[in-house]
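These notes are about the structure you will find just below.
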Amino acid sequence: LGANHAETINALNSLARLQDRRNDLDGAEATYRKALAKDKLNIVILGNYAFFLQNSRHDLHNARNVYQQALNADPKDAVNLTNLAGLCFVTGDWVAAETHIQKAWEQAQKMPDCYSARTLLIRTAIAVLALESPLVFLGHLKAIFSCQTSHARWEPTTVLQHLQERLPQPDAEFFSAL
């Protein structure tokens, strides 16, 4: 692997994501597996592969296992904590979702980017299901979006779909306006 190891892993990651966007799911999966064969503890590859399994393959069981592998390698990774919280939310494991989202929020506050927004989105979803008011979380989301020069690109994910289907009408309208 030598000096180009990181470049090889990055190239494989980019290729797998491109294959996924082009709906070449078998190709994407093979490329993720090839990247992991070269670096089985790479949290970016593990996280992207788990996200792929969750949102493209709809293989929630294996996605959860792969997120856990990534978190075993780096327990404080906000991206994988957030995505695992989203998967737990979608599968109805709200206690685990809340636990992971709290850990993710501790880390995400240090990096105000789209994952701060995603963390808040999942926390909003948990509030809706717990019959709590989601407005405080939606307000935080609106504040993050108003500070950005461009809106975050929301990819269709199982979490976003799940939330949109369950938000009460006034909150759904507020969320859509974001």
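Filter region 17-61 for residues that are β-branched (Val, Ile, Thr) and surrounded by fewer than 22 Cβ atoms within 10 Å (Cβ to Cβ) and give the result. Result: 43, 44. Region 5-99 holds helices (runs of 4 or more DSSP H) entirely within its bounds, and those carrying 2 or more residues that are in contact with a Leu (Cβ under 7 Å, 6 or more places away or on another chain) and either free of Cβ contacts under 8 Å to residues at least 12 places away in the same chain or of a type in the set (Gly, Ala, Ser) (or both) map to 60-73.
Rundown of residues vs (1) in contact with a Cys (Cβ under 8 Å, 6 or more places away or on another chain); (2) within 30 Å of residue 132 (Cα to Cα), yes/no style:
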site	(1), (2)
33	no, no
38	no, no
45	no, no
58	no, yes
77	no, yes
81	no, yes
90	no, yes
96	yes, yes
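Take the conditions of a type in the set (A, V, I, L, M, F, W, C), more than 17 Å from residue 101 (Cα to Cα) and in contact with a helix residue (DSSP H, G or I) (Cβ under 9 Å, 6 or more places away or on another chain) and apply them to residue 79. Does it pass? Against the criterion (of a type in the set (A, V, I, L, M, F, W, C), more than 17 Å from residue 101 (Cα to Cα) and in contact with a helix residue (DSSP H, G or I) (Cβ under 9 Å, 6 or more places away or on another chain)), residue 79 does not qualify.
Where a number appears in this text, it was derived from the coordinates with a stated rule and is not lab data. In this text the structure is predicted, and so the values were computed from the model without any measurement. With ideal geometry, Cβ positions are generated from the backbone for all residues, glycine too; neighbour counts draw on all protein chains shown.
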